[in-house]
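Beneath this line is the structure, given in structure tokens, with notes to follow.
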Amino acid sequence: MSEFCRKPRRSPDQRRSAGFTLLELLVVLALVGLMTAFALPQFSVIQDRLAYSLNRDSFEQELTGLSYAAFKEGRPLILAGAYPRTAEQQRILSEDLDSADKEPQFLNAGELKPIRPSFSSPASLTLPADWRVTVDSPIVYQASGFCSGGSLTLIVGDARYAYDLKAPTCQAQPRN
């Protein structure tokens, strides 16, 4: 046989160092366990922050998209009051809007009045379970896609976040 085909013989010292001892494996497993014990609680905090961030982004996109929703429906939408609403509160608000004066409202000299179209419908927002929104004064999204502007407050637990919706596009902008 050729010299290259033979397996080299190991000395007894070389055979002993070929693998890990049970003690070394236990030390490594203990270290991995400790690192995991410190990392898991932080992972849930990161996951909660990510969920909150995604929900807040979708809320802001939904606010901005109300202009398009009014344009698509072909009638004004009104964002008013507090959200979320029960089905009964939504029905009462719709009846109030339907019973509004059918006469067009005009501005008198030196007087500003909000104009509420009689054929408008209340806007709806989808919010996570523990979130609430209060609208300071009604915000009207016209059928043309323009809106009156205004401000609202997002309430998440004990925290409050104020938003400004500036006319004519009503892009949701957090107030600092």
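If R0 is 41 Å, the Cβ-Cβ spacing of residue 23 and residue 47 corresponds to a FRET efficiency of close to 0.70. Here each label is just a point 7 Å from Cα along the line to Cβ, and for residue 68 and residue 34 those points are 5.3 nm apart. When you filter the trypsin sites (Lys or Arg not before Pro) in the stretch 138-176 for DSSP loop state and at most 14 other Cβ atoms inside 10 Å of their Cβ, you are left with 175. For the stretch 161-175, the Karplus equation 6.51 cos²θ - 1.76 cosθ + 1.60, evaluated at θ = phi - 60°, returns couplings of 10, 8, 10, 10, 10, 8, 5, x, 9, 6, 5, 6, 10, x, 8 Hz by residue, with Gly and Pro reported as x.
Apply 1/(1 + (r/R0)^6) to the Cβ-Cβ distance of residue 130 and residue 164, taking R0 = 30 Å, and write down the FRET efficiency to the nearest 0.05.
Taking R0 as 30 Å, the efficiency between residue 130 and residue 164 is 0.80.
Quick note: the coordinates plus some simple rules give every number you see, no bench work behind them. Everything numeric here is computed off the predicted structure, so don't read it as measured data. Cβ sites come from the backbone with ideal geometry, for glycine too, and all protein chains shown count toward neighbours.
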